Amino acid sequence: MPTLLLVRHGRSTANTAGILAGWTPGVDLDDTGRAQAAALAGRLAGIPLVQAVSSPLERCRQTLEPLIAARPELGPPAEDERLGECHYGDWTGRPLAELANEPLWRTVQDHAAAAAFPGGESLRELSHRTVGAVREWNGKIAAEHGDDAVWIACSHGDVIKAVVADALGLHLDHFQRISVEPCSVTAIRYTPQRPFVLRMGDTGDLSPLAPKPGGRAAGDGGTPAGDAVVGGATGTA
């Protein structure tokens, strides 16, 4: 099955301010985030991509802009609301330092499967919609482009952590153990038996993720591969 390159958006103005952005409109990449996005296009230069998909939020679309400019054949990214940020409800737009004093904060850290944001969604609902979206896109891309296709999706910290937890077979309660830096790349190859997490939160060289000669991709058949994220250490998603 295809390989997914799951990118967290570059550093945003909300990350810098320590604000939980959620679905707040008008949250853009800051100067560092724009530089990260420009560098991402170069890091992916040797990897053939058949599809780009994005959260509809500005900071994700902006992260993919340099890549799309370098690869016009990809066309505009498909937008999928299911890959959008968690709906944090009444927590949206509030400082993380303030939210850390809320009783719900400890539930989010220690028992994520029980966490539901007031006026928003639960982390279980987040996991269900995002994992479902990734697996649906993966099946579509396999049907259209073959099992060795590579595709990219740009999303948010908690979304990526939920998808990685599913791929690793981790209970959602453990998803806070996963760290996803801004503009990092997480690579997951889905096979008929199980997913293989080839890279997680990678901010360096991605060239080994290119399909191998003969059509065998890294991680195939068990061979080893050669936002504030709420409560995370890297700021808002």
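Descriptive notes on the structure:
- Failed item, numbered, when residue 30 is tested on (1) of a type outside the set (Gly, Ala, Ser); (2) in contact with an Asp or Glu (Cβ under 9 Å, 6 or more places away or on another chain); (3) buried (at least 17 other Cβ atoms within 10 Å of the Cβ): (2)
- Pick from the range 33-63, criterion of a type in the set (D, E, K, R) and under 24 Å from residue 91 (Cα atoms), ranking: surrounded by the most Cβ atoms within 10 Å (Cβ to Cβ): 59
- Taking each residue of the range 88-114 that is of a type in the set (S, T, N, Q) and looking for partners that are open to solvent by 30 Å² or more (accessible area, probe 1.4 Å) and not in a loop (DSSP other than H, G, I, E, B) with beta-carbon atoms closer than 6 Å, six or more apart or interchain, yields 107/114; 109/176.
- Scan of the range 141-176 for residues that are farther than 13 Å from residue 197 by Cβ and open to solvent by 10 Å² or more (accessible area, probe 1.4 Å), ordered by number: 142, 143, 144, 145, 146, 147, 148, 171, 172, 173, 174, 176
- Residue check, residue 125 under 21 Å from residue 191 (Cβ atoms) and either in a helix (DSSP H, G or I) or not acidic (Asp, Glu) (or both): no
- Tally, over the range 103-121, of residues that are farther than 14 Å from residue 85 by Cβ and open to solvent by less than 40 Å² (accessible area, probe 1.4 Å): 7
- Residue in the range 67-90 that is outside any helix (DSSP H, G or I) and of a type in the set (Lys, Arg) present: yes
- Close pairs from the range 52-72: first closer than 15 Å to residue 183 by Cα, partner charged (D, E, K, R) and in a helix (DSSP H, G or I), Cβ under 8 Å, at least 6 apart: 54/61; 55/61; 55/81; 62/34
The values are calculated or read from the model by the stated rules, or taken from the named source; none is laboratory data. The structure displayed is predicted, hence computed values, not measured ones. As a convention, Cβ positions derive from the backbone with ideal geometry for all residues, glycine included, and neighbour counts pool all protein chains shown. Remember, those area values only see protein heavy atoms, side chains included, never the ligands or the DNA or RNA. Shrake-Rupley method; radii C 1.70, N 1.55, O 1.52, S 1.80 Å.
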